[in-house]
1. Of A:Ser104, A:Ser75, A:Ser31, A:Ser110, which residue is at pLDDT below 90 and away from chain B (no Cβ under 14 Å)?
2. Provide a single number: the residues in the stretch A:38-54 that are buried (at least 20 other Cβ atoms within 10 Å of the Cβ) and touching an Asp or Glu at 6+ places or on another chain (Cβ under 7 Å).
3. For A:Ser291, which of the numbered conditions (1) touching a Lys or Arg at 6+ places or on another chain (Cβ under 9 Å); (2) farther than 30 Å from A:Leu226 by Cβ fails to hold?
4. Name the pairs whose Cβ atoms lie under 9 Å apart, with the first residue in the stretch A:69-85 and farther than 17 Å from A:Asn51 by Cβ and surrounded by 12 or more Cβ atoms within 10 Å (Cβ to Cβ), the second acidic (Asp, Glu) and modelled with pLDDT of 85 or more, and 6 or more positions between them or separate chains?
5. Just the residues that are farther than 18 Å from B:Pro101 by Cα and of a type in the set (A, V, I, L, M), please, taken from the stretch B:112-146.
6. Kindly provide the set of residues from the stretch A:242-295 that are hydrophobic (A, V, I, L, M, F, W, C), free of Cβ contacts under 8 Å to residues at least 60 places away in the same chain and more than 28 Å from A:Ser313 (Cα to Cα), ordered by number.
7. Pairs, please: C-beta under 9 Å, at least 6 apart or cross-chain, first residue within 16 Å of B:Trp232 (Cα to Cα) and in the stretch B:279-298, second in a helix (DSSP H, G or I) and of a type in the set (Gly, Ala, Ser)?
8. Does the stretch A:7-26 hold any residues that are surrounded by fewer than 17 Cβ atoms within 10 Å (Cβ to Cβ), more than 7 Å from chain B (Cβ to nearest Cβ) and in a loop (DSSP other than H, G, I, E, B), and which are they?
Amino acid sequence: MSLPLPTLSPSEISYIQTSLSDPIHPTRSDSRSLLDTRPIEVSYGVFPHANGSSRIKIGGTEVVAGIKLEVVDSSESSKGWKGKVEVDITPQAFPASQPSNLSSSSAYLSSILQSHFIPSIPPLVIIPNQKYFQPQLHLTLISSDGNVLSALVLGARSAFADLKLPKIKIISWVGENGENEVEGAEGVIGKGDLSGIKAAIKSKSKKGRNITKGGEDWDLDLSEDLDHIDGREELPVLVTLNLVPNSPNIFLDATSQEESACPSKLHLFFTTSSTEKSLKVCGIRFEGGQSIDNSRIKGLIEEGARIAGELISGLNGNLPQ
Amino acid sequence: MFSINTVPPSSTQSFSDDIPSTHRRHPAELEAMDLDEDEFGAGPSRRNIVTPGEMITSSKEYMRGHGTYVEETNVISSVTGTIERVNKLISVKPVRSKYVPEVGDLVIGRIVEVGPQRWRVDANGRQDAVLMLSSVNLPGGVQRRKIESDALKMREFLAEGDLLVAEVQAFFGDGAMSLHTRSLKYGKLRNGQLLTVPPQLIRRLKSHFHHIPPPCGPTGVDVILGLNGYVWVSNGTSQDKREGGEGFDSEGVYSDKNDDIPPEGRQAISTVSNLIKLLADQGIPLTDTLIEESYNWLNQNQLPPGPLAQPDKERMLAEVVGIEVYA
């Protein structure tokens with residue numbers, strides 16, 4: 001519970017808890033059903049200068065996300081191409097909080113996303129085993145009315161869905177025998193006019209292989225249309241199951257008052273794969289202080305998977321392009 | 001379960017083609033001429049709405065009031081709002097501002113701090129309000145006198161986080177409100193939920209305790225419209241219970257225990273809350289008759305339970321209030 005929550009009086013808390021724990025007719029403060037979420041609004045491409053961006057609105061919670069790509073030299077195994085994420089909480093989201101609390105909440109949210117969202121992003125290759133695009137994801141929480149973590153993960157996922165990779169062409173000197181052209185990531189080297197430089201470049205071998213190389217450089221190839229990344233439909237989603245104290249009921253998309261009254265929640269990160277068509281769990285977090293019977297866990301995860309399936313199909317049906 | 005909508009990004013960049021040519025001129029150039037008496041009068045005036053920095057008049061005849069300042073010989077508005085003129089006094093009434101309390105206002109507040117012989121209350125104003133121990137009714141009825149040990153037991157009456165309804169009694173020198181709950185209809189709130197709306201939408205009326213009768217819930221729904229923008233929607237009670245008739249429990253005024261409310265009652269409370277939020281989002285001033293009419297409209301149209309869908313919302317606003325909402 002490291003996000004600031006509104007204070008409620010004991011009778012308000014009791015009212016919310018009794019309403020939610022009714023076994024036959026649970027009621028929520030805005031008459032939604034337990035598994036109903038508030039309408040979600042997604043906008044893509046809100047920052048034209050970023051490589052990928054999105055804005056998510058779930059009721060009163062609003063998040064903007066942006067991705068900037070950086071080129072890194074790395075090999076596939078050393079994982080230097082792994083993305084970085086930073087979450088920023090604006091003071092207007094929690095006007096009553098101290099800045100120090102906000103920065104520790106930001107660190108907490110960034111670490112959750114770094115552990116459970118970032119590892120599922122495939123490497124963005126320029127030259128295999130050599131050059132990669134490293135995505136730097138920045139999320140900003142503009143206003144909060146509960147369900148913040150879901151909004152952040154949705155924002156991250158949508159920004160990656162909007163992300164377009166620039167095509168790269170490698171510019172390199174080709175030696176005398178270089179009728180072979182070296183292929184860059186998606187482009188073809190132009191055979192530059194090297195007449196004056198050929199003398200300065202030493203051939204390492206006399207065979208027809210191209211091994212003479214001068215200073216290798218790369219440039220953006222803006223002549224072709226940009227592509228979205230592969231695997232954007234398989235990025236993780238988060239389902240947060242809020243637990244009602246002293247009741248088997250669970251509900252989705254809590255408002256901040258409901259979160260104050262029912263602080264225990266189970267965060268489930270799911271990812272899907274195009275080959276298998278089944279959901280995989282890629283993160284579980286239980287927070288809030290209540291302890292539950294371990295026999296409930298399996299049922300909760302299955303329920304979460306069912307909900308995640310619906311969310312994923314809803315999101316994948318709405319991708320830009 | 002999920003309703004996901006893709007919305008095109010709204011552009012906050014303005015392009016020079018959009019701005020009409022008059023706006024591109026320097027404000028000093030634009031004629032802020034000497035306005036004669038009728039300019040701000042009762043009839044339709046040419047310039048009624050001003051924004052910060054906009055010159056109202058350059059006349060030396062006028063005195064400046066609230067919401068304006070003087071620069072050289074010009075009276076310039078400092079807030080967004082409408083111009084008001086009283087004889088030679090020009091002021092600008094802001095469209096949106098923090099709640100401005102008056103003596104006698106009914107407000108809903110939340111206890112922030114318990115201090116010596118007083119409580120500090122957040123009432124959505126510029127400063128926290130103060131509720132003195134001597135201004136509350138102690139359990140046992142109106143006749144009960146304060147004893148020494150009461151000052152040590154303040155948290156038994158009102159602790160941090162509690163909600164109460166009170167009336168503004170006076171102001172301190174620094175402008176902080178002093179509240180009192182010296183009536184049987186004021187005191188701690190229970191059996192319901194709190195909403196926040198802009199304070200400007202609550203009119204000053206004779207009574208702020210409204211009761212929407214059944215069929216809205218099995219016992220009706222009570223709505224308390226606090227002038228500070230806090231609205232309390234709760235389970236309906238009878239007039240007697242509320243104001244000290246036979247059903248009134250004088251010992252239990254400070255109890256935190258809610259009554260047993262059936263699910264239909266809770267549904268009614270949630271529905272009324274949704275209606276109030278909807279009306280407030282459109283900037284419509286709230287009155288009890290409006291809320292009751294909206295609820296009756298819902299009943300007549302027999303909408304499915306749950307939150308209102310967007311087309312239903314627009315229809316309700318058009319038929320009950322008479323405003324057109326364009327998405």
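1. After applying the criteria, what remains is A:Ser75.
2. Residues flagged as buried (at least 20 other Cβ atoms within 10 Å of the Cβ) and touching an Asp or Glu at 6+ places or on another chain (Cβ under 7 Å) within the stretch A:38-54 amount to 5.
3. A:Ser291 satisfies all of (1) touching a Lys or Arg at 6+ places or on another chain (Cβ under 9 Å); (2) farther than 30 Å from A:Leu226 by Cβ except (1).
4. Every condition considered, the pairs that remain are A:Gly80/A:Asp73.
5. Result: B:Val112, B:Val114, B:Leu133, B:Val136, B:Leu138, B:Val142.
6. Of everything in the stretch A:242-295, just one residue is hydrophobic (A, V, I, L, M, F, W, C), free of Cβ contacts under 8 Å to residues at least 60 places away in the same chain and more than 28 Å from A:Ser313 (Cα to Cα), namely A:Ile292.
7. B:Leu279/B:Ser294; B:Leu286/B:Ala280
8. Correct list: A:Pro23, A:Ile24.
The values are calculated or read from the model by the stated rules, or taken from the named source; none is laboratory data. Quantities reported herein were computed from a predicted structural model and do not represent experimental measurements. For neighbour counting, all protein chains shown are included, and Cβ atoms are generated from backbone atoms with ideal geometry for every residue, glycine included.
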